[in-house]
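The values are calculated or read from the model by the stated rules, or taken from the named source; none is laboratory data. Everything quoted here is computed from the prediction, not taken from an experiment. Neighbour counts are summed over all protein chains in view; Cβ atoms, including those assigned to glycine, are modelled from backbone coordinates with ideal geometry. Note: areas computed on protein heavy atoms with side chains; ligands, DNA, RNA excluded. Shrake-Rupley method; radii C 1.70, N 1.55, O 1.52, S 1.80 Å.
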Amino acid sequence: MAIKTVLKMGDASLLQVAERVEEFDTPELHSLIQDMHDTMAAENGAGLAAPQIGIGLQVVIFGVEMNARYPDAEDVPYTVLINPVIKALTEETEEDWEGCLSVPGMRAMVPRFSKIHYQGYDQYGDPINRNVVGFHARVVQHECDHLQGILYPMRITNFRTFGFI
Ligand code: NI
């Protein structure tokens, strides 16, 4: 178990496209996920992507249960999601506040698809398939963006909302 340093916007590795995980249920993968879990918990985050701790693999974790940073958010079950694929189930987007551990101290309104399907695998290689809405859909879109080298400020359409908490 280890709490890792979260890379901050400006670090070039946050802009890389992450590679697919080819082997599941390995000690290396379990160790990575443990580190991500410990780091997310220590930072009180809603989610974390492997590139944020300098690992260029398609691994994200997320989960929200009475998170102090998102007091109004509904619960999102703790999930390990590997090699994710997202499909928007509507053209409709909704704006809400987002922050990111790689952009500390700031927030902005970010548009996201309000309803998505996502699929991928857990750390054992078991498939995950879910239709989700609202904050759960937002968290997944935010975390999976990290795997494409996209940080939420790149998604802001109304920069008047961008600022320090
Ligand atoms: Ni983030």
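Couple of notes before you dig in:
- Among (1) within 16 Å of the ligand (Cβ to nearest atom); (2) surrounded by fewer than 14 Cβ atoms within 10 Å (Cβ to Cβ) - the single one K4 does not satisfy: (2)
- Condition check for Y121: modelled with pLDDT of 95 or more, buried (at least 21 other Cβ atoms within 10 Å of the Cβ) and of a type outside the set (K, R): no
- Pairing residues of segment 84-104 that are touching a residue at least 24 places away in the same chain (Cβ under 8 Å) and open to solvent by less than 30 Å² (accessible area, probe 1.4 Å) with residues that are of a type in the set (K, R) and part of a strand (DSSP E or B), at Cβ distances under 7 Å and at least 6 apart in sequence or on separate chains, gives E98/R107; G99/R107.
- Of residues in segment 33-55 being over 17 Å from K8 (Cα atoms) and open to solvent by 20 Å² or more (accessible area, probe 1.4 Å), the one farthest from the ligand (Cβ to nearest atom): Q34
- Pairs with Cβ under 7 Å, 6+ apart, first in segment 22-46 and polar (S, T, N, Q) and modelled with pLDDT of 95 or more, second open to solvent by 20 Å² or more (accessible area, probe 1.4 Å) and not in a loop (DSSP other than H, G, I, E, B): T39/I53
- When F62, F24 are checked against the criterion of being under 29 Å from K115 (Cα atoms), of a type in the set (F, W, Y) and either out of contact with any Asp or Glu (no Cβ under 9 Å at 6 or more places or on another chain) or not in a loop (DSSP other than H, G, I, E, B) (or both), a single residue qualifies: F62.
- Options L151, L81, L89; residue that is closer than 30 Å to F24 by Cα and either within 12 Å of the ligand (Cβ to nearest atom) or at pLDDT below 95 (or both): L151
- Cβ separations smaller than 7 Å between residues 6+ apart or across chains give the following pairs from segment 127-153 residues that are farther than 15 Å from T93 by Cβ to residues that are in a helix (DSSP H, G or I) and open to solvent by 20 Å² or more (accessible area, probe 1.4 Å): G149/L15.
- Considering residues of segment 124-165 that are aromatic (F, W, Y) and surrounded by fewer than 21 Cβ atoms within 10 Å (Cβ to Cβ) only, the residue nearest to the chain's Cα centre (by Cα): F135
- In segment 136-148, the residues that are hydrophobic (A, V, I, L, M, F, W, C) and either modelled with pLDDT under 95 or more than 14 Å from the ligand (Cβ to nearest atom) (or both): A137
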